[in-house]
Every structure is written in C-alpha cells, then in structure tokens.
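The structure appears right after this line, and notes come after that.
The values are calculated or read from the model by the stated rules, or taken from the named source; none is laboratory data. All values derive from a computational prediction rather than experimental measurement. FYI the Cβ positions are ideal-geometry reconstructions off the backbone, even for glycines, and counts take in every protein chain you see. Remember, those area values only see protein heavy atoms, side chains included, never the ligands or the DNA or RNA. Shrake-Rupley method; radii C 1.70, N 1.55, O 1.52, S 1.80 Å.
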Amino acid sequence: MSTDSPSSFGGDAVPAVPELPTLRESADYIRKLGKPSAAEVLESCRLAGRVALQPRCGVGGHKEMGALLAQLERDGRADILTLTIDSHTRLLRFDNAARALRADPRTLNGYPLVTHGWERGRELNESVAPPMEIRHGSPDARPLFQVAVASGITSFEGGGISYNLPYSKDVPLAHSLEAWAEVDSVCGELAGLGIIVDRELFGTLTAVLVRVDQPGGEHAGGGGRGRRGRALHLRLLPAERPAGAGRGRAAGHPAARRRYLPAGVQIHAVLHEFMGVFPRERNHAEELIFYGALTARLGGASKMITKTYQEALGIPDTEANVAGLRLADIANSELLGFVSVDSGAVAEELEWICREVAEIVEPVLEARNLRSGIVTAFAEGKLDIPFSASRHARSEITPLRDPSGAIRYQEHGGLPLSDASVKRNRRLLAEGRPGGPARPTCSRC
Amino acid sequence: MVVLGVAASDSHAVANHLIAHSLRAQGLTVVNLGTCTPVSEFADACELYPAAEAVIIGSLNGHIHEDLHDLADAKLQGRINCPVIVGGNLSVGSAKDESSTTRLYELGVDHVLAHPDSLVPLLDSLRAVGAPVTRELVDTTAR
Ligand code: B12
C-alpha cells in the first residue's frame with residue numbers, strides 16, 4: 001500500500017490492528033481499572049457548580065506523553081485529560097507516523113496511539129486519575145477506536161461529518177459516515193457489556209470566520225466569541241445523530257439538540273475556547289482565553305476545552321498548557337457570581353437559532369435513508385460549511401460577525417433558510433455599519 | 001501558472017484559500033490542489049501542466065518534513081522540474097529555530113518564505129533569470 005494514498009478510504013477494508021484483546025477482555029479491564037467515566041466527572045462538576053476543564057495535549061514520545069499528562073493533572077488540575085492524536089494517524093498514514101516516531105518523536109504534533117499500541121495506551125491510562133478522551137480528526141477512525149477501547153479509554157470524539165469535512169480532502173462522506181456508524185455500533189456492543197462510551201461531537205467544524213471588514217484587527221471579533229461557538233454548533237451539528245450507544249453527548253445548545261434526540265439521552269454542552277487565529281502576544285491571548293472561559297460558565301457548559309497563550313505559535317509547552325488551565329479555572333470562581341447576561345436577549349437569539357436549525361436540518365431528517373440524504377444535501381449545498389478542507393462540501397457560505405460581534409450568514413449559499421431568517425441575518429449585519437441603518441437602542445444579541 | 005496546495009497530512013484550508021485568491025487577483029493562473037496533498041499529487045499536476053512555473057506548498061500543522069520525505073525522489077525522477085516553494089508553520093512546537101528551514105533545503109525545497117506577500121516578487125525574480133531552475137539537489141538518500 002502506498003503510504004500516500006490510504007487505500008482503505010476507497011473501499012471498506014479496515015487496516016488491521018494486530019493482536020488486540022477481545023471486546024469482552026477490554027470491558028473487563030475497564031471495569032477492573034475502576035476509573036470514573038467522563039460522564040460521571042461532568043456530573044460531579046455540575047453538582048459542584050463548576051465547568052469541567054480539559055486541555056488539548058499530545059506529544060509524539062511515550063515517556064514525554066506520560067510526563068505531560070502527569071503535570072497537567074498535578075499542576076493544571078484538569079478534570080478530564082486528553083490524548084490528542086497526530087495528523088498522520090488521523091489520516092491512516094501509519095507508515096509516516098512510524099517513521100517520524102523513529103526519527104524524532106518531537107516532530108509529531110500528537111501522540112500516535114495506533115503506532116505505540118494499546119499496551120502503552122493502558123500504561124498512560126493507569127498513570128493518571130482523571131478519565132481520558134481521544135481527540136483527533138479521523139474521517140475513518142476504526143483502527144484508532146479499536147486501540148482506544150483496548151487501552152481502556154472510553155471517551156472518544158468525532159463523527160462522520162465533523163471529522164471528515166475539516167480534516168481531509170477527498171474522503172467521500174458515504175465512507176466516513178459508514179466507518180463512524182461501525183464505531184457507534186461497537187459502542188452499542190460495549191453498552192451491552194456494561195461499558196458506556198462517551199461520544200463527543202466536534203461542532204466547530206472549520207472554526208473559521210471571515211472578519212475582513214471588521215475594524216480594529218484582532219480584537220474586533222471579541223463580543224461574539226461565545227455566541228460564535230454556539231451558533232456554529234447549532235447550525236451545523238444537528239445533521240449528525242449519535243447512534244448506537246445509549247448516551248450521546250453533544251456540543252450544541254441542549255435546547256436545540258434535545259428536539260432531535262430520543263428521550264433519556266444525556267446531553268452536555270462543551271465550549272471550545274476561541275478557535276480562530278489567535279493573537280501572538282501573551283496578554284491579548286490570555287484575555288481571549290479568559291473571555292472564552294467566562295462564556296462557558298455563563299452559557300452553562302458542562303466542560304470547556306482550553307487553549308494556551310502559545311496558540312498562535314505552535315503546540316504549547318507544558319508550562320503554557322498548565323497556565324491555560326489555571327487561567328480558565330478562574331472563571332469558575334464564586335467571586336464572579338455577579339456577572340450575568342441579558343436573559344431576554346439570549347432567549348430571543350436562541351429562538352432564532354432553533355428556527356434556523358429546523359429550516360436546515362428538518363428537510364434532511366425527512367429523507368428515507370438518512371445517510372444518503374446527508375450525502376445528497378452536501379452535494380447540493382443544502383448542508384454546507386465555510387472554508388471546507390474537503391471537496392465534499394461546497395463551501396458556498398460565508399459567516400461574518402455583525403457589529404455586536406455575533407455571527408451571521410453573509411452568504412448562505414444553498415442552505416434552505418426562510419426569507420425571514422435571511423432577512424434577519426442581512427439586517428443585523430447591516431445595522432450599525434457606516435452607511436447602514438441605525439442600530440436599535442434596545443439590547444439584542 | 002503555479003501549482004498550489006497544502007502538505008499531505010495537513011488539512012488547514014484558510015491560508016490556502018487566501019493565497020489562491022490573492023495570486024489569482026495578481027493575474028496568475030493557479031492550479032489549487034487544496035489540503036492534504038501528497039508529493040505524488042503535486043508531481044502528477046506538474047506533468048499535467050508543464051507550463052507551471054513553481055510548486056507552492058503550505059503547511060501549518062508542523063509535519064512538513066515528513067510530508068515532503070519523498071520530494072527529492074520526485075525531483076530526481078524528473079517528475080517535478082520547477083522550483084518548489086514552501087511556507088507556513090514549519091515545525092512542531094512554540095519555540096522555532098533555523099534548523100527546520102535547513103532541513104527543508106536538504107529535502108529538495110528551493111525556497112522557504114515567511115510570508116505569502118513574498119510569493120509574487122519571488123516568482124517575478126525567477127522569471128527574470130529564466131526559471132524554471134531548481135536548486136542543485138542534495139541527494140540525501142546517498143548519505
Ligand atoms: C483554525 C485552525 C484550525 C482549524 C482549521 C480550519 C480550516 N478549515 O482550515 C481546525 C480546528 C480544523 C484545526 C485543526 C488542526 N490544527 Co489547527 N489551527 C487553527 C488556527 C487557530 C488558525 C489557523 C488559520 O486558519 N490561520 C489563518 C492563516 C491565514 O494564517 P496563519 O495560519 O497564521 O498563516 C500565516 C503564515 O503561516 C503564512 N502561511 C501559511 N501558509 C503559507 C503558505 C505559503 C506558501 C507561504 C509563503 C506562507 C504561508 O501566511 C499566513 C499569513 O501570514 C491555528 C493557530 C493560530 N494561528 O492561531 C491552529 C494551528 C495551526 N493548528 C495546529 C494543529 C496542530 C492542528 C491539528 C493537527 C490538531 C492538533 N494536533 O492539535 C489539526 C489539523 C489536522 C491535520 N490533519 O492537519 C497547530 C500547529 C502546531 C505547530 N505547527 O506546532 C496550531 C498552530 C495551533 C497550536 N498552537 O497548536 N486547526
């Protein structure tokens with residue numbers, strides 16, 4: 001097999017991962033290990049009135065990964081820890097991951113779990129008290145998922161849309177949806193063995209906003225960061241439906257997701273601190289980090305994924321990663337209880353977001369075969385994302401911040417939005433701009 | 001005409017879109033291969049578009065060296081005959097040094113640029129000296 005064109009993306013062959021324990025053995029191991037699940041940690045944080053903290057973290061070397069996790073647990077006091085997986089592994093380029101690991105592990109931008117193997121995965125898992133999540137970006141995550149389960153790791157991010165379109169160029173959606181359905185059906189089998197896998201969906205998709213006409217450079221977008229997270233999640237995520245396992249966890253606003261999920265599914269909102277281009281200067285970056293953390297608290301998120309003041313430069317060192325966690329935790333302080341949001345404005349915005357979501361996803365959910373309905377909707381631009389890495393979305397939509405900082409559609413491409421929604425987006429983008437209509441004085445999102 | 005793309009393991013799309021847009025606005029024909037483009041695909045494009053003046057490769061995820069591990073081969077086989085230009089975030093980690101650039105030259109890259117604004121002036125200067133001319137290859141496989 002050529003290392004450059006993973007043949008498994010074309011057909012259905014799963015690259016074989018050698019010598020894995022059976023699912024039953026893994027389930028027994030997980031039970032014996034007796035660590036709390038991610039869902040249990042989120043629940044106990046909720047009871048304690050705080051947003052759970054989770055860093056991004058992944059380095060190539062095994063020893064170095066262990067040391068990083070230990071320090072993030074001890075000094076960063078992370079509630080949940082991460083194995084961030086390197087880009088080669090995400091794209092099934094295992095030969096490249098192995099060569100880079102042999103040559104110099106520091107040249108990897110994450111931990112190549114499949115290459116290190118499940119025994120080392122267990123070693124890492126046993127070395128820390130908090131539960132661990134695999135965060136990656138694999139259009140076809142089957143091999144990685146097998147190794148994760150064998151490592152006793154029961155929190156696994158991703159899905160057939162959200163880990164395809166931002167993360168690869170030419171993997172057909174039909175393929176990634178099928179591969180992820182297999183992952184979810186294994187989650188179902190594990191549920192039968194008493195192990196609940198926590199499945200998190202990556203909602204920010206391309207994480208990118210256009211702000212060319214925002215005066216004021218890096219700071220211009222500030223006001224709407226939190227809403228940005230929410231708006232993009234909501235507009236784009238519900239197209240994905242967690243299948244299989246008994247428990248889904250979503251990064252969208254619970255109110256909007258709940259409509260499309262069966263009763264009894266436990267839902268948690270996850271906030272990513274700012275996902276766009278970061279300021280290079282430490283104090284500006286830290287303002288942005290704190291702002292994100294405060295938004296998570298005010299928005300009632302169950303957990304937040306943190307960033308660091310080195311975001312603009314490269315993968316952070318341990319010290320910066322710890323500092324990012326500690327800074328975010330300040331937003332959990334009781335002293336900040338006096339900070340509140342305009343709940344009327346939030347309710348109004350939420351209603352409109354739910355309406356836009358319905359306009360976009362309900363036609364797709366009506367399809368007799370949901371998976372082919374999704375593929376067709378993307379091909380026709382009825383589902384879409386901006387700045388797609390993949391050819392399988394048209395990328396005919398352009399998001400833009402309005403003068404208040406909230407995210408709107410500048411171009412909505414082929415999305416089947418109603419006239420009322422389109423008009424509202426246009427109006428809010430125009431208000432307050434030089435030459436545009438005056439902004440109403442009432443406070444609105 | 002130029003061939004543009006992002007390195008094989010890298011899916012960052014934004015700089016790529018913006019660079020394509022800006023080169024086109026400056027009158028160049030851009031064959032944009034987009035994200036996640038292995039060397040073999042750049043080589044195929046060079047064969048398909050012999051008029052290409054340069055191959056421009058962006059990388060942000062820090063994996064450029066492994067992603068170009070087979071560039072020297074493609075050049076030795078004559079599959080890529082025009083200059084190869086690389087830019088972006090060229091190593092993993094927040095502390096940067098010159099060694100990442102040196103290693104790129106060893107892999108067969110001809111020009112490493114810090115900023116996309118330098119692309120058009122570089123292409124102009126290459127045209128002036130009658131490019132396509134590539135740097136003499138250091139045959140790393142022979143070592
Ligand atoms: C948005 C973003 C994402 C989005 C991308 C969305 C999309 N559709 O493109 C998402 C969330 C999907 C993403 C994913 C990942 N990302 Co990212 N991402 C970013 C972020 C925040 C902004 C990047 C961006 O869009 N920049 C906009 C462009 C226009 O600006 P720029 O990147 O600064 O580029 C400038 C120069 O580099 C140069 N340039 C760029 N390309 C080229 C090409 C040429 C030829 C030239 C001359 C110049 C040039 O010109 C630009 C303008 O000055 C950066 C951090 C940051 N900068 O704040 C991280 C960052 C680039 N990502 C990073 C990583 C590692 C990843 C992942 C691999 C996950 C991981 N392991 O953490 C995955 C990618 C998976 C893969 N297979 O590659 C790292 C790279 C680390 C490193 N080099 O040490 C960064 C720096 C974050 C960090 N600190 O860890 N990412």
Checklist outcome for this item: If we ask which residues in segment A:167-195 are open to solvent by less than 20 Å² (accessible area, probe 1.4 Å), within 14 Å of chain B (Cβ to nearest Cβ) and within 18 Å of the chain's Cα centre (by Cα), their number turns out to be 2
Item to check | Some residue of segment A:289-300 being within 14 Å of chain B (Cβ to nearest Cβ), touching a residue at least 40 places away in the same chain (Cβ under 8 Å) and either within 22 Å of A:G405 (Cβ to Cβ) or not hydrophobic (A, V, I, L, M, F, W, C) (or both) | outcome: no
Item to check | Which listed residue, of A:I330, A:I374, is surrounded by fewer than 17 Cβ atoms within 10 Å (Cβ to Cβ), away from chain B (no Cβ under 14 Å), away from the ligand (no atom under 16 Å from the Cβ) and of a type in the set (A, V, I, L, M, F, W, C) | outcome: A:I330
Checklist entry - How do the pairs read when you match residues in segment A:318-340 that are among the hydroxyl-bearing types (S, T, Y) with residues anywhere that are surrounded by fewer than 20 Cβ atoms within 10 Å (Cβ to Cβ), using Cβ under 7 Å and keeping only pairs 6 or more apart or on different chains? => result A:T318/A:Q71
Next on the checklist: One residue is enough: does segment A:298-315 have a residue meeting the conditions at pLDDT below 95, in a helix (DSSP H, G or I) and more than 16 Å from the ligand (Cβ to nearest atom)?
Outcome noted: yes
Checklist entry - How many of the residues in segment A:402-417 are over 14 Å from A:V361 (Cα atoms), touching a residue at least 24 places away in the same chain (Cβ under 8 Å) and open to solvent by 10 Å² or more (accessible area, probe 1.4 Å)? => result 4
Next on the checklist: I need the helices (runs of 4 or more DSSP H) fully contained in segment A:73-159, keeping only those with at least 2 residues that are more than 14 Å from chain B (Cβ to nearest Cβ).
Outcome noted: A:113-116, A:118-127, A:142-150
Item to check | Residues of segment B:56-81 satisfying the condition of being surrounded by fewer than 24 Cβ atoms within 10 Å (Cβ to Cβ), in a loop (DSSP other than H, G, I, E, B) and away from chain A (no Cβ under 12 Å) | outcome: B:Q77, B:G78, B:R79, B:N81
Checklist entry - Does segment B:85-107 contain any residue that is assigned to a loop (DSSP other than H, G, I, E, B), farther than 22 Å from A:D86 by Cα and more than 8 Å from chain A (Cβ to nearest Cβ)? => result yes
Checklist entry - If a residue has to be part of a loop (DSSP other than H, G, I, E, B) and open to solvent by 20 Å² or more (accessible area, probe 1.4 Å) to count, how many in segment A:277-297 make the cut? => result 3
Checklist entry - Considering only segment A:77-102, how many residues are within 10 Å of the ligand (Cβ to nearest atom) and in contact with a helix residue (DSSP H, G or I) (Cβ under 7 Å, 6 or more places away or on another chain)? => result 4
Checklist entry - For residues in segment A:60-101 being within 24 Å of A:E126 (Cα to Cα) and among the hydroxyl-bearing types (S, T, Y), which is surrounded by the fewest Cβ atoms within 10 Å (Cβ to Cβ)? => result A:T84
Checklist entry - So which residues in segment A:38-59 are closer than 18 Å to A:F202 by Cα and open to solvent by 60 Å² or more (accessible area, probe 1.4 Å), if there are any at all? => result A:R56
Next on the checklist: of a type outside the set (F, W, Y) and either more than 23 Å from A:E157 (Cβ to Cβ) or at pLDDT below 95 (or both): which single residue out of A:K35, A:K63 fits that description?
Outcome noted: A:K63
Next on the checklist: Being among the small types (G, A, S) and within 13 Å of another protein chain (Cβ to nearest Cβ): is that true of B:A51 here?
Outcome noted: no
Item to check | Meets criteria (open to solvent by 10 Å² or more (accessible area, probe 1.4 Å) and without any contact (Cβ under 8 Å) to a residue 40 or more places away in the chain) for A:G121 | outcome: no
Checklist entry - Looking only at segment A:333-347, which residues are polar (S, T, N, Q) and either under 30 Å from A:L68 (Cβ atoms) or within 16 Å of the ligand (Cβ to nearest atom) (or both)? => result A:S333
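One line per residue, one yes/no per condition, for (1) out of contact with any His (no Cβ under 7 Å at 6 or more places or on another chain); (2) within 22 Å of B:H63 (Cβ to Cβ); (3) within 12 Å of the ligand (Cβ to nearest atom):
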| residue | (1), (2), (3) |
| --- | --- |
| A:T107 | no, yes, yes |
| A:N125 | yes, no, no |
| A:A129 | yes, no, no |
| A:R135 | yes, yes, yes |
| A:I161 | yes, no, no |
| A:S168 | yes, yes, yes |
Checklist entry - Restricting attention to segment B:12-36, which residues are facing another protein chain (nearest Cβ under 8 Å), touching a residue at least 40 places away in the same chain (Cβ under 8 Å) and among the hydroxyl-bearing types (S, T, Y)? => result none
Checklist entry - Residues of segment B:13-40 being within 10 Å of the ligand (Cβ to nearest atom) and buried (at least 23 other Cβ atoms within 10 Å of the Cβ), which ones? => result B:A13, B:N16, B:T35, B:C36
Checklist entry - If you check A:A367 against the conditions, is it in a loop (DSSP other than H, G, I, E, B) and of a type in the set (A, V, I, L, M, F, W, C)? => result yes
